[in-house]
Each structure stands twice: as C-alpha cells, then as structure tokens.
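One structure below.
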Amino acid sequence: MNRAGPLVLPLLLFPLLWGAAALAASDLSSHPSPYLRSHANDPVKWRSPESASVEEARARNLPFLVSSGYQSCYWCYRFKQDTLMDADLAEVINGSFAPVLLDREMHTQDDRVLQAFMRDFVGIGGWPATAVVTPDGVPVMAWTFVTAPELASALETFSRAWEENPAAARRLLVPRHPDAGADARSGTGSSDLGELLQGYLEQAGRVSDARFGGFGTDSKYPFAPQLLALLDLHQLNPSDAMAAFLRHSLDSMIAGDLVDPVEGGVFRYTENRDWTGPHFEQMLYTQALVARLLFRAAMTLERPGYGDVAEGILDNMLARFAAGGGWFVSSLSATGQGGVNGEYYLAAQQDLEILLGESWRERVEIRQQAGNRLLVAPVGLVAGVTRQALVSLRRRETLERDGKLLLSWNGLALSALSHGASREPDYLQAAGLLADVIMKATGSPHPGLLAGNDAKAAPADLDTLVHASAGLFDWWQVSGDPAAISRVGQLLELSVERFFREDGWTRAPTYLFAGDDRTLSIADGQLPSPSAEWLRIAGGLKAAGIPLGPGTGKVFTLMTGHWSPGLMQSAFFHPTLVSALVTGRFLGIH
C-alpha cells in the first residue's frame, strides 16, 4: 500500500435513478477467492463482479462502489477492520451504490483499469483501492486507505450531485494530463532497435540508485524484469559498468531485508531505500522471479553465492507455498493471527532469550524492532544452529496463506524450478510434478485462471496462457519433454486466437469498466509483460528450429518489425520486450 493520506478527486457526475427495492448482495461465502469470502459478513453488502446483481445495478443506473484488494495484504485487512465495518458508512454505501469487491489476483483486468485510474488521476496506486464507477464503466472518484467518516462524506456529496444537478456536475471533469499513462499503445509505427536499446539503458540509468542499488529512491521493489533484461544485455555484450551495477544491486538486496534472513523467502518490497523495513507479505510470483534472477546472475556474473540464495528461496517456496499435488498457493499473509503486521516473522525478546540464552544478542543481528518484537538475522559461528532454532520458534504460529492456485503464477514457479534444476538436480522432481499438473490444466480447450482447486472460476487471461507456456518452455529446456514443447506451441496459438485483435493484444475482458486496452506492447509490471514473454517464447521456438503456428508466425513478424513511437518514451517499463528483440536480432531469427 502507498501510505499517502486519503485522496479524493471528483471528475464526472451522472444522474442517478433510484430503485425502490435494494439490490440483492452476492453470497460470497463460497466464492473461490479467500479475500471475498473474508468479507461475506461485512455490513457493506458486497457482490462479486461476476454476479447477476451487477447487471441489475447497471440496468437501474446505479453507480458502483468498487474496492480491490487481496487476502495477504495487511492494509486491506486494516481497511476492512477500521473503515468498512463502520455501520454508518455501510448504510450510505448500501443505500446509494452497488458495492462490488474485487480480488486483484482473480479480477485482473478490472483491477488494472482501477490502478491505471488511480495513478493517472490520483497520483498513486496500490491496495486497497476504492473507486466510484458509473454504470457505464467510468471511474470518477478514488481513494487508497481512507477513514469511514471521510469516505462517507465524499460518497454523500457525490450522491447529492448525481441526483440534483448532473449537467453542472459534468462540467467538473478534470482533464487528463497529456503525459499521463504514456505507454506503447498499438500502432503501425516502426523504430530502430539500436535507438530503443539506447533509450532503455539511458532511462534505466536515470532511475538507478548508485548508493543502494536497484531502482528508485523510496520504497524498494526487486524490479526483476529490468534486472533480468540487464543480465541478458550484459551476456550478449559484456560491460564492466553494467556488471558492477548488477552486483551492487543484488548484493544490497540480499544483505537487506528483502530476503527473509531466517527462512529464505522474499518479501514483496521494502519500505526503505536501503532495502530495510520489509513489507511482510510474500507472493508466489516474487519468489519465482527473484529466484530465477539470482540463478541467472550466478551464471552470468560468475557469483555462485547468488545461486545459494536462490536455492534458499526455492526451498522456502517448497516448504511454505506447497499446496499438494504439485501446485503452489498464491501468497503468505503479512497479517498474523493477532492482526499484527508481520507477526509471524517478528520474535518477542523474551522468547529469544529463552530460546538462545542470556547471550542471545550475540547470536543475532536485529534488523527491525516493533515494540517488543524483533526481526532478527542469525550471525556468528553457529548461525546455522541459530537459524534452525528461529525457524522452530516461528513455526509455533500459523502462517496464514491465500490458497488460490493461480495457473499463471504456477507457470512462473515452474520457470524458477527449471532454472534451479539446471544447477541442482534435487529440484527436478518438484519441477516435473508441477509441469505435469500444468499440462493437465492447459489440456482443456478453455483453460481457467485458477487450476487445481477451482478451474472453472474464471477463464484464463492472456497472462495465464503466456506464463504457463513460459514455464513449460523453460521446463522443456531442462527435460527435453516433447509433450511440453508441443503444448507451448498450442498455448501461443491459443493466446493469439483469444487475445490478439488486428494490431494489438488485450489481456482479459472487464466486468465493470469501459474502454479498449488493446496495445501491441504491454508494459512490464512486477511480473513480466505477457506480450513480451510471448515474443520471447516464440523466438525461442524459432531458434530451436520448431515451426510456429500460422497465427503465431503472423504476430511474431508484426511484433518484431513494428511498435508504437510511444515505446521509446517508456522503454524502462518494457525491459522484457527490449531483451527479446535484442536477443532475437543477435540470434538472427528476425
């Protein structure tokens, strides 16, 4: 969560036709999302975006109050406890709006639209994210974390304006900033690859942190796609300066608090520029991407120690994220059973003294203190013994998990395990088991967003098809499994059939929002761009002499020869595409 103060921006107001009867709320108690299930008994009568009452609200011209979050998010938990449980606020919401709750990991496209609106018009993104949305799908007001009185007051003001003077309210529209949301929208423009590469390197240099490594000078995210791209470019054209920056970034990341010093898992980000102050939730995709980054860096930069850290990440993933049957759950919660942020990871001082003796301070380094509770790292000659003792202390508590089995993120996990297996054969069994279940889940003509626990909950989006195929492609490179590489080709073709229109990709339909998100070059986020990963895999097939399907071949040619001029302006946010294009040119496949 971005912890700026509550922000409200009225943009566009429409008339409200009040219905006499209240809308029926969805029964969230059996929804596949643990996050939605946790709100089933809220005083706000939430419905899921898939429910029939959403269409009913639209037909009655009721505005939506849309809130997006996820189960492992501490500030989403606090928003529920501190704001949404307020009876007066619930009365305002239920009486004037159709409240809709999103799981950002399931209702992916709706959350992306909401996040884009927050960044473009409010200035920040993150979760929880809450917005007023008109019946025709236009977001008009937005908040991050907001108190119940502030939210109730803003919603009442909106309702009065909507009902009383819609014509005047329409003139309150704040024009979008001309540079807001600059990206690589679809187009027929072409550009020089050398200029694009130079633009990426220059932009990466401008936002790099020379002092602490990584990118940015505030909170620190791994920026795994950007660092992976730099590794690829360094491997193709070695650079002492680039190698030094990569080593400094990875050394700082590992020495800080991003990687849990006790069990080896990776937190989503750190609160501080120097990689201290972990944001305690752990996501499956973070484990997979950082492990893959470190395995690659161990080889490319000739630093075997990076591989050791990556193995620790995979070991923790196998121990803490495993769901049975080969699958992995989506995340580990930041919120402990007592409702404390990071409670599982923070040890009480008295427990440390009992566990390690009166000289416990000599056996640990204190990384963070919250009252009487400490995040510690084992040090000294018996660090291994201390680590095992700290693990046993932690595991007296239950670590809450989001049990959704996301096919997309499991594809990323398969990639990481495959990279690990190329270094350490012990990971072959886990990788093979996961590859088998992904093969089964993608064997249907209509793969689902979720697999294993509820494959029919939602149809697969572009990210799901691409990341599943990427995992199988990386597995094939280790195993030589012909069935896996055949499935990769099928999934690339299915991606084109489902999600490519004329000259651009779409990622998924939305339930609530209007507009066309089509673009030829989707930006990387915390996860690699699905369109750029698609290009990487298609290029890998070509390099291996494997024929591309007709749809895949056509789109591959388009993507390697054309892109919007807007791509140059935002090259830093397209590292996977830059890497795929440069690698493909180096290999002579386009």
Quiz item: Per residue, how much space in cubic angstrom lies within the convex hull of the C-alpha atoms of region 435-511?
Solution: 85
Quiz prompt | Per residue value of the accessible surface for region 495-585 (all protein chains in place, 1.4 Å probe), Å² | solution = 37
Quiz item: Once all Cα-Cα distances of region 239-338 are split into 5 Å bins that start at 0, what whole-number percent is in each one?
Solution: 2, 13, 22, 24, 19, 11, 5, 3, 1, 0
Self-check item: Cα Rg, Dmax, region 398-462, angstrom units
Solution: 13.0, 39
Quiz item: Which of the residue pairs 404/542; 440/542; 80/404; 404/554 have a Cα-Cα distance greater than 32 Å in the structure shown?
Solution: 404/542; 404/554
Quiz item: Rounded to the nearest 500 deg cm²/dmol, what is the calculated helix-only ellipticity per residue at 222 nm for the chain, with -39500 (n - 2.57) per DSSP H run of length n ≥ 4?
Solution: -14000 deg cm²/dmol
Quiz prompt | Stokes-Einstein D (µm²/s) once Rh is taken as the Kirkwood radius of region 79-129 over alpha-carbon pairs, at 10 °C in 1.306 mPa s | solution = 128
Quiz item: Can you pull the accessible area of residue 392 for me, 1.4 Å probe, Å² to the nearest 10?
Solution: 60
Self-check item: Computed FRET value (nearest 0.05) for residue 486 with residue 526, which takes r as the C-beta separation and R₀ as 25 Å
Solution: 0.25
Self-check item: DSSP beta bridges in the chain [antiparallel fraction, %, rounded to 5]
Solution: 85
Practice problem: Quick one: accessible surface of residue 31, probe radius 1.4 Å, all protein chains present, in square angstrom to the nearest 10. | Solution: 20
Practice problem: Taking a cut-off of 18 Å between Cα atoms, list the aspartates and glutamates near residue 45, but don't count ones fewer than 8 places away on the same chain. | Solution: 27, 55, 56, 82, 86, 88, 91, 103, 156
Quiz item: For residue 220, which aspartates and glutamates qualify as cross-link partners when the Cα separation must be under 13 Å and same-chain residues fewer than eight apart are set aside?
Solution: 209, 257, 271, 274
Practice problem: Starting from the residue with the highest accessible area, list 366, 93, 254 in decreasing order, probe 1.4 Å. | Solution: 366, 254, 93
Quiz item: When Lys and Arg each count +1 and Asp and Glu each count -1, what net charge do the other residues less than 10 Å away from residue 411, Cβ to Cβ, add up to?
Solution: -3
Quiz item: Can you give the Kirkwood hydrodynamic radius for region 350-444, in Å, rounded to one decimal and based on Cα pairs?
Solution: 16.7
Quiz item: Given the C-alpha centroids of region 210-236 and region 515-590, what is the distance between them in whole angstrom?
Solution: 20
Practice problem: Please pull out the direction-averaged projected area of region 492-547, using the convex hull of its alpha-carbon atoms, in nm² to one decimal place. | Solution: 4.8
Practice problem: Compare 503, 308 by solvent-accessible area with a 1.4 Å probe and give them largest first, with all protein chains kept in place. | Solution: 308, 503
Quiz prompt | Alpha carbon convex hull of region 426-580, projected area averaged over orientations, nm² | solution = 10.2
Exercise. Could you please state how large a percent of the accessible area of the chain is carbon and sulfur, counting protein chains only and using a 1.4 Å probe?
Key: 52
Exercise. Return the distance in nm (one decimal) between the two label points of a simple spin-label model at residue 41 and residue 319, each offset 7 Å from Cα along Cα→Cβ.
Key: 3.4
Quiz item: Stretched out fully, how many nm does the piece from residue 399 to residue 337 gain, at 0.36 nm a residue minus the Cα gap?
Solution: 21.5 nm
Quiz prompt | Largest-first ordering by accessible area, 1.4 Å probe, given options 400, 302, 358, 271 | solution = 358, 302, 400, 271
Practice problem: Please work out the FRET efficiency for the pair residue 237 and residue 147, using the Cβ-Cβ distance as r and a Förster radius of 56 Å; give the result to the nearest 0.05. | Solution: 0.60
Practice problem: Using only Cα atoms, locate the centre of region 32-76 and the centre of region 450-497, then give the distance between them in Å, rounded to an integer. | Solution: 30
Quiz prompt | Summed residue charge, Cβ within 11 Å of residue 263's Cβ, Lys/Arg positive, Asp/Glu negative | solution = +2
Practice problem: Using only Cα positions of the chain, each an equal point scatterer, no hydration layer, compute I(q)/I(0) via Debye at q = 0.12 Å⁻¹ and quote the log10 values to two decimals. | Solution: -1.29
Quiz item: Which log10 I(q)/I(0) values, to two decimals, does region 311-378 give at q = 0.15, 0.20 Å⁻¹ under the Debye formula with one point per Cα?
Solution: -0.64, -0.92
Quiz prompt | Spin-label model distance (nm) - residue 27 vs residue 87, 7 Å beyond Cα toward Cβ | solution = 2.7
Quiz item: To the nearest 10 Å², what's residue 230's accessible area with a 1.4 Å probe?
Solution: 10
Exercise. Skip the ligands, DNA and RNA, and give the accessible area per residue of region 316-462 with a 1.4 Å probe, whole Å².
Key: 43
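The values are calculated or read from the model by the stated rules, or taken from the named source; none is laboratory data. This is a predicted model, so every value here is computed, not measured. As a convention, Cβ positions derive from the backbone with ideal geometry for all residues, glycine included, and neighbour counts pool all protein chains shown. Please note that ligands, DNA and RNA were not included when accessible areas were found on the heavy atoms of the full protein model with its side chains. Shrake-Rupley method; radii C 1.70, N 1.55, O 1.52, S 1.80 Å.
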